[in-house]
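Below is one structure, written out as structure tokens, with a few remarks after it.
Computed from the coordinates by the stated procedures, all read-outs in this text should not be read as laboratory data. These figures come from a predicted structure and were not determined experimentally. Cβ atoms come from the backbone with ideal geometry, glycine included; neighbour counts cover every protein chain shown.
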Amino acid sequence: MGLEMNLFVASALVFMYVTFGRVCDARMVFDEMDERDAVLWTAMLAGYAQHEEPVKGLAVFREMVAVGVELDGVVMVSLLLVSGQLGWLKHGKSVHGWCVRRCLGLGLSLGNALVDMYVKCATLSYAHKVFDKMPERDVISWSAIILGYGLSGDVDIALELFDWMRMRGVRPNDVTFLGVLSACAHAGMVERARSCFEMMKNYGVVAELKHYACMVDCLGRAGLLEDAERFVEEMPLEPDGAVLGALLGGCRVHGNIEVGERVAKKLILLEPEKAGYYVLLSNIYAAAGRFDDAQRVRDFMKQRSLSKVPGWSLIESKICLPLSKQNEVLFGCEIG
């Protein structure tokens with residue numbers, strides 16, 4: 001009907017495609033538009049941010065600034081998501097500074113985005129300060145801060161926040177329980193983990209593979225490897241590499257060859273290209289003094305041309321894309 005070039009229709013199309021995860025289709029609609037308004041630009045930026053394509057999101061943002069699009073709190077939420085995904089604390093703090101200077105306040109969307117960004121940048125003290133200052137909090141706010149403390153191993157704070165959350169009548173969701181189970185795993189709190197895992201049913205939260213992986217990790221760290229193996233066998237879902245890998249890691253820590261061999265075979269059948277599983281099995285054999293078996297695994301890796309991928313980290317100074325001068329002026333202020 002020739003309406004695809006209408007700005008309102010195009011913005012709705014971009015939003016629709018983004019909602020269904022079809023970001024490439026959203027970009028096609030965006031690129032075909034001769035005229036673009038702030039809503040269309042913001043929708044495209046949000047699409048990349050929500051679907052974890054931060055570099056493309058930053059490119060869209062730079063174009064927005066270059067053409068003089070007026071920025072607002074919705075744009076800042078997307079920029080905070082991008083900063084968190086890349087682990088760029090400096091950029092996230094600059095966005096925070098811009099929001100403070102513009103007196104945007106700490107509404108739910110912006111506050112949640114700030115907490116999420118600081119959590120992902122491993123700056124929990126800042127995340128907690130923002131969380132405390134938020135006039136209103138929802139399950140996303142609570143879950144983000146609990147998950148942050150849970151993954152970092154700050155067990156007491158994570159569990160205390162979880163109790164406060166429920167006392168205030170906020171129903172936990174799948175992310176909340178992931179944070180709590182992660183905290184329990186770090187602390188070796190097996191009974192508390194089991195209690196929380198059962199509690200999920202009371203709140204209508206269906207356990208996903210990530211929750212099962214946390215439970216297996218908790219049992220494995222505590223040395224309850226037979227219990228962990230039985231837990232995996234009784235799962236209603238087919239275990240993935242994360243679940244079985246957590247169990248194999250527990251076998252490595254506690255030197256359980258019998259369970260380790262069984263789990264390693266399943267993992268190698270599931271993901272034969274993952275060298276890390278062979279290395280773990282080899283290390284289990286070596287720790288038990290079975291050096292011939294350890295060498296046999298290593299030789300098999302060589303035959304298959306498998307090599308362990310070395311560890312790496314995101315160093316901002318190495319990978320940071322240069323911002324335009326306009327962006328440097330715009331986000332020149334940081335929160336100390």
Exercise for the section: Work out the length of the dipole vector of region 1-105 about its Cα centre, built from +1 on the beta-carbon of each Lys and Arg and -1 on the beta-carbon of each Asp and Glu, and round it to the nearest 20 debye. Expected result: 640
Handout entry: Full-extension gain in nm, residue 191 to residue 262, via 0.36 nm per residue minus C-alpha separation
Key = 23.0 nm
Handout entry: Euclidean distance of C-alpha centroids, region 156-205 and region 237-291, integer Å
Key = 28
Fill in the blank from the handout: Nearest 10, in degrees from 0 to 90: the angle of helix 291-303 to the longest Cα principal axis of the chain is 40
Handout entry: Spin-label pair residue 290/residue 273, simplified geometry with 7 Å Cα→Cβ offset, distance in nm
Key = 2.9
Exercise for the section: Work out from phi, with θ = phi - 60° and the Karplus expression 6.51 cos²θ - 1.76 cosθ + 1.60, the ³J(HN,Hα) of each residue of region 202-215, listed in order in whole Hz, and give x for Gly and Pro. Expected result: 5, 9, x, 8, 8, 5, 10, 4, 5, 6, 4, 4, 5, 5
Handout entry: Stretchable slack from residue 301 to residue 234, in nm (0.36 nm times residue separation minus alpha-carbon distance)
Key = 21.0 nm
Problem - Contour excess over end-to-end distance, with Cα ends at residue 166 and residue 25 and 0.36 nm allotted per residue - result: 46.7 nm
Practice task
Assuming a ≥ b ≥ c are the square roots of the Cα gyration tensor eigenvalues, decide whether region 1-70 counts as rounded (a/c under 1.5), prolate (otherwise, with a/b larger than b/c) or oblate.
Solution key: oblate
Completion exercise
Ranked on Cβ counts within 10 Å of their own Cβ, fewest leading, 35, 208, 229 go 35, 208, 229
Completion exercise
Read-out semi-axes √(5λ) of the Cα gyration tensor in Å, candidates (i) 35, 23, 16; (ii) 42, 25, 20; (iii) 31, 23, 21; calculated match is (ii)
